[in-house]
């Protein structure tokens, strides 16, 4: 294998173009096999193999600095920068994260997993270089999909006036995660159709030198292009056309489906494998049924997403069915919230879906555009909770982030019945911005209709009335609360009270006050960061009383692919550990 | 006066052009007088009088919907929409807020005070209109300065593909709050110089129809322009050239200084009044001295701001002195944080200044670009604290926002000596992102050198050791803590312990544990929202003990120009009220 000779980028420079092409084929095979085994980003990485080889052939990383955007497309880079074992050796398939990670290699500058950051970061790298009177190339690699994010634009706008070396490589595969949305993409299309010759040019309008590279999947041609811009003395944009999923026909034909895949999507012929997906209902499927049903009844109901429809099961078919009652705003979470707020304020009924980790991209819009205006938007927050995810995609921060903003009602259902009741109430009401934390679990059905009137805010559900100890289990951790209750009963003979709070954003002061009569300890359990979260508010509430309060949740930390069970132990989120703490508190 | 005849926009339609011009002069005089009395936004409002008259002459508000950006330029609109008394009657000068406010008028759609939101909001208004099969014009009014904000770009990108009526009025006065920064502004310049005829056109690149309006301060011409775009069936951008401060020569000549003025800037001749500003040192002035000094010693030190240099006293002169060691990124807080993170990661020493209210615009960048990468940036947070400000500019949320993000060290100095010591430590260290909450108060000097080693994190300062009661006074509320201590001594004879925690982001567990020996109540005082803030963490810490904890700070609410004393009473932030609570807790 050619790859045997390549341990770092310098080794590439010894190879002929023919060998570089062979190397690309080898890398393609490795990536396909690895990603089909572990799951991961398939299409973006297959599309960027040739350009990555050319980039490392021409530039001199890590002296020259390459900043990846979102880093969905860093696998070829990892293979060429000392980490090929993570692709050649199945035992080491999980050794490296799917994102750039400075702790893995000097060739990775930043830990990155959210989009639209590369140009901004690269501008800082270049400015530091200039302040230190150093000389090297700074390259930002950004996909067309990421261009729609506000931070990307702010970065481009500032990079353009840097006045010194800065190379922005726009990898245009004419796709975001799903299809692109936004006026900018008509300009990219025009530029592709005119081989970059159209006068009306987004990048030129910002002041960049602009180079169009038709053959982004051709190593030899990309080497020529990169040689042209290397050591440039001013900001330049290379608009490079590539094919998402390049070299894997099924991925080229199913670009959205092959953006990120689960393990086993391909059979031995690299065709779509027959996969037996369960057709049991999920939180995603009941949400889709709910939305379709609502839209049929009320043409002002509108689903809104921001470039990750697949995460909610919003398939092409579902999106087409919704038609004008669906907007994907592209990677533009800030706009998504402001847009939804204005829709609601103008009498429509928006249902905005966002992932917990990406809600972070829109704090000010939640506060100013949405909550200050008290617009009755329904937000569905997916993937919230403690998880073994990569540090860039944790779901532990949404409760502190959302719940300390005034006016919003943040709800935590524990089963299908509660969830659908909350959803229905939220869409119909006109008083509050409402967010619902959609459980990241199998669909739990109780079979019992939820008759709660959610317009009476902050009324917790007293599920089982006991004595001495009360356990408050929020959302997905209500199940753990039940386990803890049973364990306490078995081990200590105490019949604890069990509470399902449902409301993250407020305290049921009546209930909490009543507990004072015959309870001495309250235990709170929340599936997210403790700091700034739900339980601390209960501790503060009881601060002037004799009630003891034990808060359980995640510590304030970025965890990186730590197994969930290990995290639960670390956070004492286990019935045995909680029992130990309880015994100590009752002493 | 012509204005006597104008009580709502419909009245304008009866007037001749000559009378409309007279009306503009009357409005100009009223605005100058009012703003010079109360303080407020002068230049932006003077520049938009004629266009506002033309807009209300042509369109039919509130059936047609006008969405203001940041609403620094809404005074003429307020005068024409039933609120002229706020400008004609000095007794009512404070009746209306300086921002758009739906509670004041049906002509105001949103409560807005942060920039770059109008296009995004207007897109939602237009989409709701379309879903409801209604017909009216939707107009967004955005200044050139606001175009650099990411949310604005996301809005433009999505507005462009709306496919129906949407009119974006870009009010180009070639100024942000200070001068503009960014590549986009070279395109606006090109468009102004070519009367909009240049082929390379930012707005056209996004797919908009584009109309250039040279005479934004000419009512008759703007009526023509607006008549042309009224009832358009697709998204259109009107690029309108205006003069900031139009009609007030001193404001036209000093655009930055007259963006927002304090009362009394003008004398009776509408010239610059002689004002006696104190030259006593302030937190702003010692910060500037510190930065200049550091830059002289170390050419990698760089000050960064995001379009509000004036708020920190970063005058033109100061900026010029810093030269390449200063970047104003324009209205682009997201970029500011990512840029600073990359600067720090690449070995430079960035000092980023932001206002508390605008830190909100950059949560994800704080979390992902900065803290996840653990970049040693120094952030200075100004204007944090409970205040009588407009609901759009509150400083009560930065502690919950910043302090629950992992890795960052957030510091709260109580005097000049601590502040400068923290600042110096922060700039020199390379381990953590650090934020310092610059007190919004006069400069307190103790004269005593601060010898704290801030690299030992989360060590609180035990200022006075007492018994039974401990008072933890964070940052600006340390003074209140001292008052409370004295009051408790006088009234109850208890010699309370006094603690200056300095660190917002962590608990001094040793000290807190030691207090258990001879204290039964801990009182926490923080100048910001209690929910998710500092004190709740202390309540949670003591949850398993007998220690009682009384947390004081702001409630979770948007307050709108409520006098500070009223807020302090509401939040029980008064020594007498705290004493009452303490007596109850000690019972």
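The values are calculated or read from the model by the stated rules, or taken from the named source; none is laboratory data. Owing to the predicted nature of the structure, the values given are computational and were not obtained by experimental measurement. Counting neighbours? That spans all protein chains shown, and the Cβs are built from the backbone with ideal geometry, glycine included.
Observations
- Taken together, B:526, B:483 contain a single residue that is surrounded by 23 or more Cβ atoms within 10 Å (Cβ to Cβ), modelled with pLDDT of 95 or more and within 18 Å of residue B:415 (Cβ to Cβ), which is B:526.
- Selected residue (only one of B:388, B:330, B:347, B:384 is within 11 Å of chain A (Cβ to nearest Cβ) and either over 16 Å from residue A:127 (Cα atoms) or crowded, with 24+ Cβ neighbours inside 10 Å (or both)): B:330
- Residue that is nearest to the other protein chains (Cβ to nearest Cβ) [pool: residues in segment B:307-326 that are under 26 Å from residue B:360 (Cα atoms) and without any contact (Cβ under 8 Å) to a residue 40 or more places away in the chain]: B:325
- Being over 18 Å from residue B:52 (Cβ atoms) and assigned by TED's automatic domain parsing to the domain that holds residue B:20 holds for only one residue in B:209, B:220, and it is B:209.
- If the condition is being more than 21 Å from the chain's Cα centre (by Cα) and surrounded by fewer than 22 Cβ atoms within 10 Å (Cβ to Cβ), then segment B:298-324 contributes B:298, B:299, B:300, B:317, B:318, B:320, B:321, B:322, B:323, B:324.
- Those residues of segment B:83-108 which are out of contact with any helix residue (DSSP H, G or I) (no Cβ under 9 Å at 6 or more places or on another chain) and within 21 Å of residue B:136 (Cβ to Cβ), in sequence order: B:106
- Considering A:407, A:458, the condition of being at positive phi and out of contact with any strand residue (DSSP E or B) (no Cβ under 8 Å at 6 or more places or on another chain) is satisfied by A:407 alone.
- The condition (being touching a residue at least 24 places away in the same chain (Cβ under 8 Å), more than 29 Å from residue B:67 (Cα to Cα), at the interface with chain B (Cβ under 10 Å from one of its Cβ atoms) and crowded, with 24+ Cβ neighbours inside 10 Å) is satisfied by just one residue among A:341, A:396, A:375: A:396.
- Scanning segment B:258-271 for residues that are touching a residue at least 12 places away in the same chain (Cβ under 8 Å) and either over 26 Å from the mean Cα position of the chain (by Cα) or part of a loop (DSSP other than H, G, I, E, B) (or both) yields B:258, B:259, B:262, B:263, B:264, B:265, B:270, B:271.
- Residues in segment A:120-162 that are more than 10 Å from every other protein chain (Cβ to nearest Cβ) and either part of a loop (DSSP other than H, G, I, E, B) or within 21 Å of residue A:329 (Cα to Cα) (or both): A:135, A:136, A:137, A:142, A:143, A:144, A:145, A:146.
- Taking the criterion of being within 7 Å of another protein chain (Cβ to nearest Cβ) and crowded, with 24+ Cβ neighbours inside 10 Å, the residues of segment B:536-563 that qualify are B:536, B:537, B:539, B:540, B:543, B:549, B:551.
- Entirely in segment B:177-251, the helices (runs of 4 or more DSSP H) that have 2 or more residues that are out of contact with any strand residue (DSSP E or B) (no Cβ under 7 Å at 6 or more places or on another chain), within 22 Å of residue B:153 (Cα to Cα) and free of Cβ contacts under 8 Å to residues at least 12 places away in the same chain: B:184-193
- Checking B:174, B:108 one by one, the residue that is more than 10 Å from every other protein chain (Cβ to nearest Cβ), within 20 Å of residue B:238 (Cβ to Cβ) and either within 21 Å of the chain's Cα centre (by Cα) or surrounded by fewer than 24 Cβ atoms within 10 Å (Cβ to Cβ) (or both) is B:174 and no other.
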